[in-house]
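Here's the structure, in structure tokens; my notes come after.
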Amino acid sequence: MTELEKMLKGELYLSSNEDLTNKRLYARKITNKYNKTKYHQNQKRNKLLKKLIGSLGENPTITPTFNCDYGFNIKIGDNFYCNFDCIFLDVNEIIIGNNVMFGPRVNLFTATHPTLKDVRNKNLEYGLKIIIKDNVWIGGNTTINPGVTIGENSIIGSHSLVTKDVPPNVIAGGVPAKVIREITKEDYLEWKKKEENYYKGK
């Protein structure tokens, strides 16, 4: 089994492996070009994203600066919005659904390391998949730890540290993040009313 295959299976792998090092360097080259684009160069940005991201849906917006380890482990659905300065450490898969919004400086860290220093110091590490389901909004300066799944329609408050799975249809936040409350029918009625008033010009 190659080091890449071990990495993708969530097993210990050697991060200093030549093949993996070259793949990270390729990602650095693409993200460096991407982060130097101008605000109006959407076509150029999309071409670079297609070279970098493993699977990219329709209508993506990723505002520079953006950085990742490999890129090919990232799978993004339709209508993704990612604000400034986000970092994705994608040594394992990062799967992002449709209509997902990230505030600035959101960090997704699949990478983690052995508890035992003697193993850790030999450049052996591993990664655990992160899944962000449809219609999730993650507030700025939030960090998602390895192995976390965030359920559909949920909201993560800004400055949160998410260390465990978050169920669907809730608002969560804090350090570590905990469920604050469910998103209810009352939320739906309140915001539909505000939307109606907006379109009526009120």
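Read-outs: derived from the displayed coordinates by stated rules, not from any lab. Since we're looking at a predicted model, the values are computed, not measured. Methodologically, a virtual Cβ is constructed for each residue, glycine included, from the backbone with ideal geometry; neighbour enumeration extends over all protein chains shown.
Using DSSP, restrict attention to beta bridges with both residues in the stretch 3-200 and report what percent are antiparallel, rounded to the nearest 5.
Details: 8 of 39 bridges.
So the antiparallel bridges in the stretch 3-200 amount to around 20 percent.
If you take every residue apart from residue 109 with its C-beta less than 12 Å away from the C-beta of residue 109, what net charge results, scoring Lys and Arg +1 and Asp and Glu -1?
Working: positive: 129; negative: 69, 90, 125.
Around residue 109, the surrounding residues sum to -2.
Say a site is exposed when it is one of the chymotrypsin sites (Phe, Trp or Tyr not before Pro), sits in a DSSP loop, and has at most 15 other Cβ atoms within 10 Å; what is then the longest site-free stretch of the chain?
85-202
Only counting other Cβ atoms within 10 Å, I'd like 78, 69, 85 sorted with the fewest neighbours first. Before the final figure, lay out the partial values.
Working: 78 14, 69 26, 85 18.
Lowest count first: 78, 85, 69.
So which helices of the chain fit the span-like rule, where a helix is a whole DSSP H run, its Cα atoms reach 18 Å or more along the axis, and its mean Kyte-Doolittle is at least 1.6? Present the calculation step by step, with values, prior to reporting the outcome.
Values: long enough: 18-35 (25 Å, -1.57); 185-200 (22 Å, -2.59).
Both cut-offs are met by no helix.
What FRET efficiency comes out for residue 198 versus residue 25 if R0 is 45 angstrom and r is the Cβ-Cβ distance? Round to the nearest 0.05.
Numbers: r = 48 Å, r/R0 = 1.06.
Efficiency at R0 = 45 Å is approximately 0.40.
Going through the stretch 1-53, which GluC sites (Glu not before Pro) have at most 13 other Cβ atoms within 10 Å and a DSSP loop state?
Working: sites: 3, 5, 11, 18; in loops: 11.
When the GluC sites (Glu not before Pro) of the stretch 1-53 are filtered for loop state and at most 13 Cβ neighbours within 10 Å, 11 remain.
Neighbour counts of other C-beta atoms within 10 Å: give me 105, 181 arranged from fewest to most. Before the final figure, lay out each step's value.
Values: 105 17, 181 9.
With the fewest neighbours first, 105, 181 line up as 181, 105.
Taking Cα pairs under 8 Å and at least six residues apart, what relative contact order does the chain come out at, in percent? Show your work: numbers first, answer last.
Working: 497 pairs, mean separation 26.6, N = 202.
Taking the mean separation of contacting Cα pairs over the length of the chain, I get 13 percent.
Specify which labelled value, from (i) 29, 20, 17; (ii) 35, 17, 14; (iii) 32, 22, 13, agrees with semi-axes √(5λ) of the Cα gyration tensor in Å derived from the coordinates of the model shown.
(iii)
Provide 115, 37 in ascending order of the number of other Cβ atoms located within 10 Å of each residue's Cβ, fewest first.
Exposure proxy ranking, most exposed first: 115, 37.
Quote to one decimal, in nm, the extra length available between residue 121 and residue 14 on full extension: 0.36 nm per residue of separation minus the C-alpha distance between them. Mind showing how you got there, number by number?
Working: separation 107, 0.36 × 107 = 38.52 nm, distance 1.08 nm.
Length gained between residue 121 and residue 14: 37.4 nm.
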